[in-house]
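Q: Please read through the structure below; I'll follow up with questions.
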Amino acid sequence: MIDVVGIGSALMDLTIRVDDGTLERLGLKKGTMRLVDAAQSRSILEALDGYPLEKTPGGSAANTMAGVAALGGSAVFMGKVGSDEFGDFYKDESERIGIAMRLARHQAMTGHAITLITPDSERTFATHLGAAVHFASDDVIEDEIRAARALHVEGYMLEGSMKQATLHAMEIARGNGVKVSIDLADPSLVERNLDEFKRIAKDYAGILYANEDEAAAFTGRSGEKALEVMASMCEIAVVKLGEKGSLIRSGAESFRVEPFKVAVVNTNGAGDMYAAGMLYGLSRGLSLEKAGRIASYAASSVVSQVGARLSSRLDLGQIGM
C-alpha cells in the first residue's frame, strides 16, 4: 500500500536572496507567482548573475511527497521533465530522499521556478513550466493510484493543458476509494477558475487546503466563515493562517491548531509540508487533531531553514507522537 501519490509540476527550484528593489527592477510583485516563457526566464537569471543560487528539486506536490518521505511515509510522484541534465538531477535527488519517482520525459526543457526570497522571508516566483505542461493522461500510472491511501494534487494542475490528465487521475482515485487531497495553491489561480474549482472540490475533494488569501478568493469570506464554506464542499477543510496556526473542520467538528514557534528563515514550502504532515497522519489512522499537530510541526520545521524541503528525517518524538 502506498501512503500518498502526488501529481504536480516537476520544477527545479532556483533559490536566490534579493532585496525589494531588485524585485521592483525585475517587474515582479512580491508574494506572487508569475509564469514566464523561456526567454523571460533567461533574462531574469541574467539580471541576477552573480547572486548565490541554490538548486533543488521542487514543485508544490513534489515537495509534499518529499515531506511524506521525511516523516517516514511512502510517497510516489508523477510528473514530466525534459530529457536534459535538470531532468536527471530532479529524478536522482528526489529518489535519494526516498520518493518513488514516476517521471515521463519530453523534448522541452525541464521546468523551473526562480524563487526570490526578500529579507522579510517572503517568496516571489518567476516560473517557466517547460516540460511540466506536457503532462498527459498517458503519464498517469493508474495502478499506483488505485494502490494509494491518498492522491494529492496541486491546484496549478487543474488549469490549462495539465487539467485533463489530473481530472483523469482524480476520477481513478474517486472510483477506488482513494482520498483526493487538493491544495488551492494561489489566489490568482482560484480567481481565474472559481466556478470550476468549486465544482471540482464538490466532486472530488476529500481534503481541501487554502491559505487565508486563497480561502478568501474561493469563498468570499475569511477565517472561520471561509472554513465553513469550504467544509460544505469536502470531507476535511483546512485554512492555513501562517504564524497564527491553522483551522480544520470536518462536518460539525472544527478546531484550531496552534503553531510551533520558530525563527522564520524562509516561508517557501510551508504549505506543502503542512499537507505532508496531514496526509502522513491520516494515512496512519490518527485523529484530525493529531494529524493537524504533525502538519503544524512539519511546516514550522521547514520555515526554519532555507530550502523548501527538509534536509533530514523529521523526528515526531519531539512533539510526543
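Q: Do you know which of the residues in segment 14-67 that are charged (D, E, K, R), closer than 29 Å to residue 92 by Cβ and exposed (fewer than 13 other Cβ atoms within 10 Å of the Cβ) is modelled with the lowest pLDDT?
A: 42
Q: Still on this structure, please answer the following. Anything in segment 133-189 that is of a type in the set (Ser, Thr, Tyr), surrounded by 24 or more Cβ atoms within 10 Å (Cβ to Cβ), out of contact with any Asp or Glu (no Cβ under 8 Å at 6 or more places or on another chain) and assigned to a helix (DSSP H, G or I)? List them, or say none.
A: Result: 166, single match.
Q: Looking at segment 230-241, is at least one residue part of a helix (DSSP H, G or I) and either closer than 21 Å to residue 279 by Cβ or among the charged types (D, E, K, R) (or both)?
A: So far as segment 230-241 goes, yes, one or more of its residues are part of a helix (DSSP H, G or I) and either closer than 21 Å to residue 279 by Cβ or among the charged types (D, E, K, R) (or both).
Q: Also, I was wondering about something else. Answer yes or no: is there a residue in segment 153-167 that is free of Cβ contacts under 8 Å to residues at least 60 places away in the same chain, farther than 21 Å from residue 59 by Cα and among the aliphatic types (A, V, I, L, M).
A: Looking through segment 153-167, none of the residues is free of Cβ contacts under 8 Å to residues at least 60 places away in the same chain, farther than 21 Å from residue 59 by Cα and among the aliphatic types (A, V, I, L, M).
Q: Another question, then. Would you confirm whether any residue within segment 119-132 is in a helix (DSSP H, G or I) and closer than 24 Å to residue 45 by Cα?
A: yes
Q: Something else: Of the conditions (1) among the small types (Gly, Ala, Ser); (2) buried (at least 24 other Cβ atoms within 10 Å of the Cβ); (3) at pLDDT below 95, residue 281 clears all except one; give me its number.
A: Failing condition for residue 281: (3).
Q: Does segment 6-13 include one or more residues that are more than 18 Å from residue 153 (Cβ to Cβ) and surrounded by fewer than 17 Cβ atoms within 10 Å (Cβ to Cβ)?
A: No - not one qualifying residue is present in segment 6-13.
Q: Sort out for me the helices (runs of 4 or more DSSP H) sitting completely within segment 35-106 that have 1 or more residues that are in contact with a Gly (Cβ under 9 Å, 6 or more places away or on another chain) and closer than 19 Å to residue 280 by Cβ.
A: Fully inside segment 35-106 and qualifying: 60-70.
Q: Output the number of residues of segment 222-239 satisfying the condition of being at pLDDT below 95 and in contact with a helix residue (DSSP H, G or I) (Cβ under 6 Å, 6 or more places away or on another chain).
A: Qualifying residue count for the region: 1.
Q: Turning to a different aspect of this structure: Which one of these is closer than 26 Å to residue 125 by Cβ, among the basic types (Lys, Arg) and in a helix (DSSP H, G or I): 198, 202, 225?
A: 198
Q: Sticking with this structure for a sec: Which pairs turn up if I take residues in segment 50-71 that are in contact (Cβ under 8 Å) with a residue 24 or more places away in the chain and look for partners that are in a helix (DSSP H, G or I) and surrounded by fewer than 21 Cβ atoms within 10 Å (Cβ to Cβ) with beta carbon separation below 8 Å, at least 6 apart in sequence or on another chain?
A: As it stands, the answer is 55/89; 56/93; 57/89; 57/93; 71/316, since those pairs meet every condition given.
Q: Starting from segment 213-241, keep only residues that are within 16 Å of residue 185 (Cα to Cα), then list their pairs with residues that are assigned to a helix (DSSP H, G or I) and aromatic (Phe, Trp, Tyr) whose Cβ atoms are within a distance under 7 Å, requiring at least 6 positions of separation or different chains.
A: These pairs meet every condition: 218/197; 230/218; 240/274.
Q: Right, here's the next one. When residue 140 is evaluated against the numbered criteria (1) free of Cβ contacts under 8 Å to residues at least 40 places away in the same chain; (2) closer than 25 Å to residue 233 by Cβ, which criterion, by number, is the only one it fails?
A: Residue 140 satisfies all of (1) free of Cβ contacts under 8 Å to residues at least 40 places away in the same chain; (2) closer than 25 Å to residue 233 by Cβ except (1).
The values are calculated or read from the model by the stated rules, or taken from the named source; none is laboratory data. From a predicted model like this one, the values you see are computed outputs, not experimental measurements. Note that each Cβ is placed from the backbone with ideal geometry, even for glycine, and that neighbours are counted across all protein chains shown.
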